[in-house]
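Asker: Sharing a structure with you now.
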Amino acid sequence: MPTFPPVEDQLTTILRGAAQTETVADLRKKLTRSFETGTPLRVKYGIDPTGFDVHLGHTVPLRKLRQFQALGHTPVLIIGTATAAVGDPSGRDEARKGLTPEQIEANAGTYLKQIATVIDITKAEVRPNGDWFGKWGFTDVLKLLSRTTVQRMLERDDFSKRFRADPSVPIYLHECLYPLMQGHDSVEIRADVELGGTEQLFNLMVGRDLQRDAGQEPQVCLTMPILRGTDGEKKMGKSVGNYVGVAEPAKEQFGKTMRIPDGLMREWFELLTDRPPAEIETLLAGKPNEAKKALGADIVSFYHGTDAAAEVLADWRKQFEEKGDPDQMPEVTIPAAEVVGGEVPAVRLVVLARLAESNKEAKRKVDEGAFNYGPDRTKPADGRAWVPVADGLVVRLGRKIVRVRLG
RNA sequence: GGGCAGGUGGCAGAGUGGUCAAUUGCAUCAGACUGUAAAUCUGACGGGGCAACCCUACACAGGUUCAAAUCCUGUCCUGCCCA
């Protein structure tokens, strides 16, 4: 029989960092029973495979799931293969576009791999909700729909905002199905606890209702604060482009972290690292730059290991504090045929090195003095000037830096 | 089904026959300053060309015109009101 830490200790861990818990009393009850009977709680977290990148925003609830796992409970991951086709309206001011089955299928695989960096997926249950919704007939859908009312749907903030906006923003009927589907997932897997961001509260609560209807004990809904993205304003998200992906290279993760506004550091430390509160306070009281480097190193260590973090940090110092070149930089191979007499026109070089998307842009950047090359950071006189190119030449444009290989 | 209002660059939102590759704000990129932060200032911001100029673009398809984002017809889509 599995054994668990004392109930009150578990509660302390679980509630740390949580935004809202519906309800703590229910949670205590479930934990107590679990402790007494040696039965792990089933902790649900759902993710819709709507893109290729799992980002740090997703990891906030995932890290909570990891804590549950560490305490001995069972994570149940719902891969929203069915729900992704609908699109979650939560926190949205417009409809999401549903995805095609092919896209969903492709995304689901890469998602799991990325989620595995946060929780031990071999000891978790992974359930695509297409497994049950795929078997549904129209009468099943009708039955699910009859569980709620238009009034209750309109109560939710996302919808009422869209409804009242002038001009109003469409609310499609299928979007109303989403919370019901998510709620039904809880019935299927008999969830004890469901995790989500604060904007998920409505959806999570629907699960409670549906479970009650099905004669199950309602799940505990645990919401985590929403992580703001690199811009320090908006919720981290794919569409806004303010995210740091868990699968990104160490250097990217570190660089993006260094560029977040200072005011965001506390939030990120608290939601993305395991640092004890006292240490966070000490770091934040010190030099912001040092604190941010510590934050970046924490994040990189988690996904790429401490060695990678040390390497990235060393490169950072080299590049920005000693104004040199980092050891690690991307390489771009340019065809030898482009080189005439050992030289290439500046604009052409910028394009070939993929530092700019078009000749126009390349020319502009060269004219702006954003481009330089070689150890002396030579700037060409203008876009037409010929640049001597040898294998291994380092070229820079703004903060982008690339080593050129001849091929 | 009927009436009305709309669909413009990543977003918001001007533009109602040539002066429009399209004002402005946000976002983005770059330069200066810095801690690759913030704030501030400056510049850029469809593609090809050194350039004259050419090509593509203002929901989609046609049409009128020397000339269309702008006018006409049809299609698709959205909102509001009525049923």
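Asker: Condition first: in a helix (DSSP H, G or I) and either more than 8 Å from RNA strand B (Cβ to nearest atom) or over 35 Å from the mean Cα position of the chain (by Cα) (or both). Now tell me which residues in the stretch A:344-361 satisfy that.
Answerer: Matches in the stretch A:344-361: A:346, A:347, A:348, A:349, A:350, A:352.
Asker: Just to be sure before I move on: is residue A:355 farther than 30 Å from residue A:115 by Cβ and in contact with a Lys or Arg (Cβ under 6 Å, 6 or more places away or on another chain) in the structure I sent? Walk me through how you get there before you give the answer.
Answerer: Working: farther than 30 Å from residue A:115 by Cβ: yes; in contact with a Lys or Arg (Cβ under 6 Å, 6 or more places away or on another chain): yes.
Judged against the criteria, residue A:355 is a match.
Asker: Those residues that are surrounded by 22 or more Cβ atoms within 10 Å (Cβ to Cβ) and either modelled with pLDDT of 95 or more or more than 17 Å from residue A:145 (Cβ to Cβ) (or both), I need them from the stretch A:198-210; list them, please.
Answerer: A:200, A:204, A:208
Asker: Is it the case that some residue within the stretch A:189-201 is farther than 19 Å from residue A:20 by Cβ and more than 14 Å from RNA strand B (Cβ to nearest atom)?
Answerer: Applying the first criterion (farther than 19 Å from residue A:20 by Cβ) to the stretch A:189-201 yields A:189-190.
Filter again for more than 14 Å from RNA strand B (Cβ to nearest atom), leaving A:189-190.
Looking through the stretch A:189-201, at least one residue is farther than 19 Å from residue A:20 by Cβ and more than 14 Å from RNA strand B (Cβ to nearest atom).
Asker: Just one of the numbered conditions (1) touching a helix residue (DSSP H, G or I) at 6+ places or on another chain (Cβ under 9 Å); (2) not in a strand (DSSP E or B) is not true of residue A:43; which one?
Answerer: Unmet condition: (2).
Asker: Among the residues of the stretch A:363-373, how many are closer than 18 Å to residue A:320 by Cα and outside any loop (DSSP other than H, G, I, E, B)? Spell out how you get there, then give the answer.
Answerer: Going residue by residue through the stretch A:363-373, those that are closer than 18 Å to residue A:320 by Cα are A:370-373.
Next, from what is left, pick out any that are outside any loop (DSSP other than H, G, I, E, B): A:371-373.
Final tally of qualifying residues: 3.
Asker: Please determine whether any residue of the stretch A:374-381 is part of a loop (DSSP other than H, G, I, E, B) and within 11 Å of RNA strand B (Cβ to nearest atom). Working first, answer last.
Answerer: Start the filter on the stretch A:374-381 by keeping residues that are part of a loop (DSSP other than H, G, I, E, B), which leaves A:374-377, A:379-381.
Going one step further and asking which of them are within 11 Å of RNA strand B (Cβ to nearest atom), we end up with A:377, A:379.
There is at least one residue in the stretch A:374-381 that is part of a loop (DSSP other than H, G, I, E, B) and within 11 Å of RNA strand B (Cβ to nearest atom).
Asker: To continue, here is another question. Restricted to the stretch A:382-407, and to residues that are part of a strand (DSSP E or B), without any contact (Cβ under 8 Å) to a residue 60 or more places away in the chain and within 13 Å of RNA strand B (Cβ to nearest atom), which residue is farthest from the chain's Cα centre (by Cα)? Break it down stepwise before answering.
Answerer: Our first condition is that a residue be part of a strand (DSSP E or B); within the stretch A:382-407, this holds for A:386-388, A:394-397, A:400-406.
Within this subset, residues satisfying the condition of being without any contact (Cβ under 8 Å) to a residue 60 or more places away in the chain are A:386-388, A:395-397, A:400.
With within 13 Å of RNA strand B (Cβ to nearest atom) added as a condition, the list becomes A:386, A:395-397, A:400.
On the way: A:386: 43, A:395: 32, A:396: 29, A:397: 28, A:400: 24 Å.
Filtering first and then ranking leaves A:386.
Asker: Would you point out the residue of the stretch A:118-146, among those that are in contact with a His (Cβ under 9 Å, 6 or more places away or on another chain) and assigned to a loop (DSSP other than H, G, I, E, B), that is nearest to residue A:70 (Cα to Cα)? Spell out how you get there, then give the answer.
Answerer: Taking the stretch A:118-146 first, the residues in contact with a His (Cβ under 9 Å, 6 or more places away or on another chain) are A:118, A:129, A:132-133, A:144.
Those left that are additionally assigned to a loop (DSSP other than H, G, I, E, B): A:118, A:129.
Working: A:118: 12, A:129: 25 Å.
So the residue we want is A:118.
Asker: Would you point out which residue out of A:300, A:350, A:312 is touching a strand residue (DSSP E or B) at 6+ places or on another chain (Cβ under 9 Å) and either closer than 21 Å to residue A:280 by Cα or β-branched (Val, Ile, Thr) (or both)? It would help to see each step written out before you state the result.
Answerer: Values: A:300 fails: touching a strand residue (DSSP E or B) at 6+ places or on another chain (Cβ under 9 Å); A:312 fails: touching a strand residue (DSSP E or B) at 6+ places or on another chain (Cβ under 9 Å).
Exactly one residue qualifies, and that residue is A:350.
Asker: Out of the residues in the stretch A:120-158 that are under 23 Å from the mean Cα position of the chain (by Cα) and basic (Lys, Arg), which is surrounded by the most Cβ atoms within 10 Å (Cβ to Cβ)?
Answerer: Looking at residues that are under 23 Å from the mean Cα position of the chain (by Cα) and basic (Lys, Arg), I get A:127.
Asker: How many of the residues making up the stretch A:202-224 are over 29 Å from the mean Cα position of the chain (by Cα) and either at positive phi or among the hydroxyl-bearing types (Ser, Thr, Tyr) (or both)?
Answerer: The number of residues fulfilling the criteria is 1.
Asker: Quick test for you: out of A:237, A:232, pick the one residue that is free of Cβ contacts under 8 Å to residues at least 40 places away in the same chain and of a type outside the set (D, E, K, R). Lay out the reasoning, then the answer.
Answerer: Values: A:237 fails: free of Cβ contacts under 8 Å to residues at least 40 places away in the same chain.
Going through A:237, A:232 in turn, just one is free of Cβ contacts under 8 Å to residues at least 40 places away in the same chain and of a type outside the set (D, E, K, R): A:232.
Asker: Among the residues of the stretch A:35-70, write down those that are among the charged types (D, E, K, R), at pLDDT 90 or above and surrounded by fewer than 22 Cβ atoms within 10 Å (Cβ to Cβ).
Answerer: Pass one, the stretch A:35-70, residues among the charged types (D, E, K, R): A:36, A:42, A:44, A:48, A:53, A:63-64, A:66.
Filter again for at pLDDT 90 or above, leaving A:36, A:42, A:44, A:63-64, A:66.
Result: A:36, A:42, A:63, A:66.
Asker: Exactly one condition in (1) out of contact with any helix residue (DSSP H, G or I) (no Cβ under 9 Å at 6 or more places or on another chain); (2) under 30 Å from residue A:146 (Cα atoms) is not met by residue A:239; state its number.
Answerer: (2)
Asker: For the stretch A:231-256: of the residues being within 10 Å of RNA strand B (Cβ to nearest atom) and either charged (D, E, K, R) or modelled with pLDDT of 90 or more (or both), which is farthest from residue A:202 (Cα to Cα)?
Answerer: Step one: filter the stretch A:231-256 for residues within 10 Å of RNA strand B (Cβ to nearest atom), giving A:231-234, A:239-242, A:251-252, A:254-256.
Of the ones still in play, those that are also either charged (D, E, K, R) or modelled with pLDDT of 90 or more (or both) are A:231, A:233-234, A:251-252, A:254-256.
Details: A:231: 27, A:233: 23, A:234: 20, A:251: 38, A:252: 35, A:254: 35, A:255: 36, A:256: 32 Å.
Within the stretch A:231-256, the match that is farthest from residue A:202 (Cα to Cα) is A:251.
Asker: Within the stretch A:138-175, work out how many residues are within 16 Å of RNA strand B (Cβ to nearest atom) and touching a residue at least 40 places away in the same chain (Cβ under 8 Å).
Answerer: Applying the first criterion (within 16 Å of RNA strand B (Cβ to nearest atom)) to the stretch A:138-175 yields A:150, A:153-154, A:158-175.
With the extra rule that they be touching a residue at least 40 places away in the same chain (Cβ under 8 Å), the set shrinks to A:158-159, A:161-162, A:165, A:169-172, A:174-175.
Within the stretch A:138-175, residues that are within 16 Å of RNA strand B (Cβ to nearest atom) and touching a residue at least 40 places away in the same chain (Cβ under 8 Å) number 11.
Asker: Name every residue in the stretch A:1-34 that is over 19 Å from residue A:194 (Cβ atoms), in contact (Cβ under 8 Å) with a residue 60 or more places away in the chain and surrounded by fewer than 18 Cβ atoms within 10 Å (Cβ to Cβ), in order of residue number.
Answerer: Passing the criteria: A:2, A:3, A:5.
Asker: Has the stretch A:164-185 got at least one residue that is part of a helix (DSSP H, G or I) and in contact with a strand residue (DSSP E or B) (Cβ under 8 Å, 6 or more places away or on another chain)? Before the answer, list the steps.
Answerer: First, pick out the residues of the stretch A:164-185 that are part of a helix (DSSP H, G or I): A:164, A:173-185.
If we keep only those that are in contact with a strand residue (DSSP E or B) (Cβ under 8 Å, 6 or more places away or on another chain) too, we end up with A:182, A:185.
Yes, because at least one residue in the stretch A:164-185 is part of a helix (DSSP H, G or I) and in contact with a strand residue (DSSP E or B) (Cβ under 8 Å, 6 or more places away or on another chain).
Asker: Identify, from the list A:312, A:340, A:344, the residue that is among the β-branched types (Val, Ile, Thr), surrounded by 18 or more Cβ atoms within 10 Å (Cβ to Cβ) and either free of Cβ contacts under 8 Å to residues at least 60 places away in the same chain or over 27 Å from residue A:376 (Cβ atoms) (or both). So that I can check it myself, show each step before the final result.
Answerer: Working: A:312 fails: either free of Cβ contacts under 8 Å to residues at least 60 places away in the same chain or over 27 Å from residue A:376 (Cβ atoms) (or both); A:340 fails: surrounded by 18 or more Cβ atoms within 10 Å (Cβ to Cβ).
Going through A:312, A:340, A:344 in turn, just one is among the β-branched types (Val, Ile, Thr), surrounded by 18 or more Cβ atoms within 10 Å (Cβ to Cβ) and either free of Cβ contacts under 8 Å to residues at least 60 places away in the same chain or over 27 Å from residue A:376 (Cβ atoms) (or both): A:344.
The values are calculated or read from the model by the stated rules, or taken from the named source; none is laboratory data. Keep in mind it's a predicted model, so treat the numbers as computed, not measured. Cβ: placed from backbone, ideal geometry, glycine included. Neighbour counts: every protein chain shown.
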